[in-house]
Amino acid sequence: GGLLAAAIVEKVIGGFNREDEAEPDTLEIGGRLYESLPIETAVDAERITIRRLRKVSSSVGEVDRSDDRIELRQLSAEALEAEAVAAGFAAVGRREVPPTLDHVGSTVVLLEKGR
């Protein structure tokens, strides 16, 4: 028995292209600098595609760049709850996380297993 809280994005309006505007997320580990910059998203009825520029720089100046694409399936809270119920969970509520300048907002679907 336990509670699962799954945050999903239900309402994505359009995409964005901001290669020149954003600062990358960065992390330095063991003399290497890792950078990830989301530069474009595309939204259609079935999926959200996120394109990122990934870069790894070594302390001696070596740089490895790659273009990374992530595809996410569009999913409503209702569809997630239906799939969860079919897998033996009970849908026990939802919470809304409002959008901010840095986050599109999300719906948190609450599911319980084995009462």
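The values are calculated or read from the model by the stated rules, or taken from the named source; none is laboratory data. Since we're looking at a predicted model, the values are computed, not measured. Methodologically, a virtual Cβ is constructed for each residue, glycine included, from the backbone with ideal geometry; neighbour enumeration extends over all protein chains shown. Heads up: the accessible areas ignore ligands, DNA and RNA and are worked out on the full protein's heavy atoms, side chains in. Shrake-Rupley method; radii C 1.70, N 1.55, O 1.52, S 1.80 Å.
Table for the structure above
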| quantity | calculated |
| --- | --- |
| Unmet criterion (only one of (1) outside any strand (DSSP E or B); (2) open to solvent by less than 90 Å² (accessible area, probe 1.4 Å); (3) among the hydrophobic types (A, V, I, L, M, F, W, C)) for Leu33 | (1) |
| Residue under evaluation Ala86, criteria (1) open to solvent by 80 Å² or more (accessible area, probe 1.4 Å); (2) farther than 30 Å from Gly114 by Cα, criterion not met | (2) |
| Identity of the residue in segment 91-113, at pLDDT 95 or above and open to solvent by less than 70 Å² (accessible area, probe 1.4 Å), that ends up nearest to the chain's Cα centre (by Cα) | Val108 |
| Some residue of segment 65-84 being without any contact (Cβ under 8 Å) to a residue 12 or more places away in the chain and more than 16 Å from Ile8 (Cβ to Cβ) | no |
| Residue pairs meeting the criteria (Cβ under 6 Å; at least 6 apart or on separate chains; first farther than 20 Å from Thr49 by Cα and of a type outside the set (Gly, Ala, Ser), in segment 1-27; second modelled with pLDDT under 85 and in a strand (DSSP E or B)) | none |
| Selection from segment 59-101 of residues that are farther than 20 Å from Thr49 by Cβ and acidic (Asp, Glu) | Glu62, Asp64, Glu78, Glu81, Glu83, Glu96 |
| Positions within segment 46-72 being out of contact with any strand residue (DSSP E or B) (no Cβ under 6 Å at 6 or more places or on another chain) and open to solvent by 70 Å² or more (accessible area, probe 1.4 Å), in sequence order | Glu46, Ser59, Val60, Glu62, Asp67 |
| Close pairs (9 angstrom Cβ cut-off, 6 or more residues apart or separate chains): without any contact (Cβ under 8 Å) to a residue 24 or more places away in the chain and at negative phi in segment 99-114, exposed (fewer than 15 other Cβ atoms within 10 Å of the Cβ) and of a type in the set (A, V, I, L, M, F, W, C) anywhere | His103/Val97 |
